[in-house]
Amino acid sequence: MKNILIILFSLFSIYAYSDNHEKGTWVAAEYHFCNFNDGQDLGDLMRVVGKFNKFLDEHSDKGQYDAVLLQEIYDVDNEWDYVWSGHWPSNEDMANGMQNWVENGGSIQAEFDKVSSCSAIRGYQYIYNNSAPEGKVWPVQYRSCSLKEGASHEAVRELYDRAAERWSEDGLKGGGRLFYQQFGSQQHDWNNYTQVVSPGSFANEATNRALLDELDYSDINGEWSEMVDCTPYVVYAGTYLTNPID
């Protein structure tokens, strides 16, 4: 966690997005978009990450948290060197973990600040298809989507739920989630969300590509096109910075 923003907890909650018919699960999440300071590099970051992991172990009673390092695979002209993606499995874990970090993590925060300069956002992820990564490095795809007039987040999530069932039945690999920003230094629109997709491994990516050449998802794609506009995917390589949450 770098450049943590000390914020007041909003009355807006995860349940403002959810309803009783959804099949997925919700987790709290944060993203830090970082550039290395002069003379610093990935080795310096990992040195501090080692101390951060010890901190998590020592304060494991304060809640669960895991983090993934995201680095570009292809040049997409981003303004940052890397992205830190962190996750809490519940609001309680997030609240307790943030409180503990603000109270006890200052010295490690200062070391992170020497390594990188970051901007940050925080919000919630709706996991419509849960799947753990395979191996030490895996591809992660991101794209930004916006609702069209008359569409709702609830209807979009219901479509993702139905699509996830089809993907599972057809043997497609990996998982997906939708990120809704709530706080942060990056501008956002409440009608926007970010889709996060990962096949779990590069081998699964190839398997999925071969299957999709044979499968017909024109009905699902047609419904999507009526409800949302999305940018092309940006592809990152993901690696765990911490022990993953079980």
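The values are calculated or read from the model by the stated rules, or taken from the named source; none is laboratory data. All figures in this text were calculated on a predicted structure; none of them were measured in a lab. All Cβ positions, even for glycine, are placed from backbone atoms using ideal geometry, and neighbour counts span all protein chains on display. Areas reflect the complete protein model, heavy atoms only, side chains present, ligands, DNA and RNA absent. Shrake-Rupley method; radii C 1.70, N 1.55, O 1.52, S 1.80 Å.
Miscellaneous remarks
- Considering only alpha-carbon pairs that sit under 8 angstrom and 6 or more positions apart, the relative contact order computed for the chain is 29 percent.
- Basic side chains Lys and Arg get +1 at the Cβ, acidic Asp and Glu get -1 at the Cβ, and with that the dipole of the stretch 147-201 about its Cα centre reaches some 180 debye.
- Computed from the alpha carbon atoms alone, the convex hull of the stretch 133-246 holds 134 Å³ per residue.
- SER107 accessible area, assembled protein chains, probe 1.4 Å, Å²: 80
- Principal semi-axes of the equivalent ellipsoid, √(5λ) from the alpha carbon gyration tensor of the stretch 133-185, are 24, 19, 8 Å from largest down.
- When the convex hull of its Cα atoms is projected in every direction, mean area for the stretch 196-246 (nm²): 5.5
- Accessible surface, the stretch 119-242, averaged per residue in Å² (probe 1.4 Å): 48
- If you wrap the Cα atoms of the chain in a convex hull and average its projected area over all directions, you get 13.8 nm².
- Carbon/sulfur fraction of accessible area - the stretch 193-246, other protein chains in place, 1.4 Å, %: 54
- Counting heavy atoms of the protein chains alone, MET98 has an accessible area of about 30 Å² for a 1.4 Å probe.
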